Amino acid sequence: MQWPELIEGVLIKRYKRFLFDVRLRNQHQVTAHCPNTGSMTGCCEPGCTVYLSRSHNPLRKLPYTIEMTRMGTTLVGVNTMVPNRLVKESLIRKCVPQLSGYPTLRSEVRYGVNSRVDLLLENGRERCYVEIKNCTLVADRVAYFPDAVSERGLKHLHELETQVKAGNRCVMFYLVQRMDAGEFRPADHIDPAYGRALRRALKKGVEILVYDAKLDLKNIEINKSIPCFI
């Protein structure tokens with residue numbers, strides 16, 4: 001998937017969760033929107049290099065969006081709108097063999113109790129519900145999710161359990177939007193309730209897939225499956 005034209009800057013501070021003050025290379029200071037509700041621990045330190053896209057929609061209050069930061073030797077994709085698009089594109093291109101064999105693919109399909117599943121894959125009467133999560137927290141080459149307490153994440157696990165009980169296939173897909181993770185684990189030290197729920201869902205039949213991404217300043221693509229230790 002190709003990035004829009006990116007503008008380099010330096011992060012001054014993050015505040016009100018979604019707002020970043022950034023100094024551009026021309027020394028102008030701008031406020032950018034970051035569509036990420038997590039803590040972004042380890043990927044939004046003041047002074048780090050950030051990459052912004054700019055919208056030319058006159059109706060937008062903030063034309064700039066944070067797409068990536070650079071932490072050490074790796075780029076980190078922090079825009080949580082990207083994983084759904086990237087995973088969908090990768091499935092269409094048949095880059096995820098574990099989710100092949102479904103000729104029909106739909107996004108944001110209503111299911112459960114006031115929920116929408118990220119992707120619904122279908123082959124005749126066979127259904128596979130796929131929830132996609134963006135993972136940016138990495139410590140000592142271990143990717144962790146979530147990076148903040150996630151009630152919404154708990155709800156999605158419960159919804160998938162219900163669909164498994166109804167006879168459908170269900171997959172939690174974690175996309176690690178960086179290139180320095182060797183394995184994945186639930187972040188029990190941040191949200192122990194989520195860790196317990198993920199283990200229970202796994203026992204009930206929900207599948208877990210974890211892929212990292214290959215990023216540069218032009219493109220982002222699904223890279224490889226990484227091991228998951230639950």
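The values are calculated or read from the model by the stated rules, or taken from the named source; none is laboratory data. Since the model is a prediction, treat every value here as computed from it, not as a measurement. Because the Cβ atoms are built from the backbone with ideal geometry, glycine has one as well, and the counts that use them run over all protein chains shown. Note: accessible area is taken over every heavy atom of the protein model, side chains too, but ligands, DNA and RNA are not part of it. Shrake-Rupley method; radii C 1.70, N 1.55, O 1.52, S 1.80 Å.
Things to note:
- Cross-link reach is defined here as a Cα-Cα straight distance under 14 Å, omitting same-chain residues fewer than 8 places apart; for Lys94 the aspartates and glutamates meeting it are Glu221.
- Exposed-site-free run, longest, the chain (rule: trypsin sites (Lys or Arg not before Pro); DSSP loop; at most 13 other C-beta within 10 Å): 142-217
- In this structure, the amide hydrogen of Val78, modeled 1.01 Å from its nitrogen in the peptide plane, lies closer than 5 angstrom to those of Met68, Thr69, counting only residues at least 5 positions away or on a different chain.
- Computed over segment 90-185, Kirkwood Rh from alpha-carbon pairs, angstrom: 14.5
- The Cβ shell under 13 Å around Arg85 holds other residues with a net charge of -3, Lys and Arg each +1, Asp and Glu each -1.
- Dipole magnitude for the chain: about 460 debye, using +1 per Lys or Arg Cβ and -1 per Asp or Glu Cβ, origin at the Cα centre.
- Descending semi-axes in whole angstrom, ellipsoid equivalent of segment 34-114, from the Cα gyration tensor: 29, 18, 14
- Crossing angle, helix 82-92 versus the chain [Cα axis fit, 0-90 degrees, rounded to tens]: 50
- Taking amide H positions as modeled 1.01 Å from N, with prolines and chain starts lacking one, the residues under 5 Å from Ile208 and 5 or more places away or on another chain are Met172.
- Backbone amide hydrogens, once placed in the peptide plane, bring Ala213 within less than 5 Å of Val176, Arg178, Asn223, excluding anything fewer than 5 places away on its chain.
- The residues Thr136, Thr31, sorted by heavy-atom accessible surface at 1.4 Å with ligands and nucleic acids left out, run Thr31, Thr136 from largest to smallest.
- Helix 192-204 axis, angle to the chain major axis (alpha carbon atoms, nearest 10°): 40
- Charge dipole of segment 152-230 about the Cα centre (unit charges at C-beta), most positive-ward option of Phe173, Gly205, Leu215: Gly205
- Helix 151-165 vs. the chain, principal-axis angle (Cα, 0 to 90°, nearest 10): 20
- Residue-averaged 222 nm ellipticity for the chain, from DSSP H runs of 4+ at -39500 (n - 2.57), nearest 500: -5500 deg cm²/dmol
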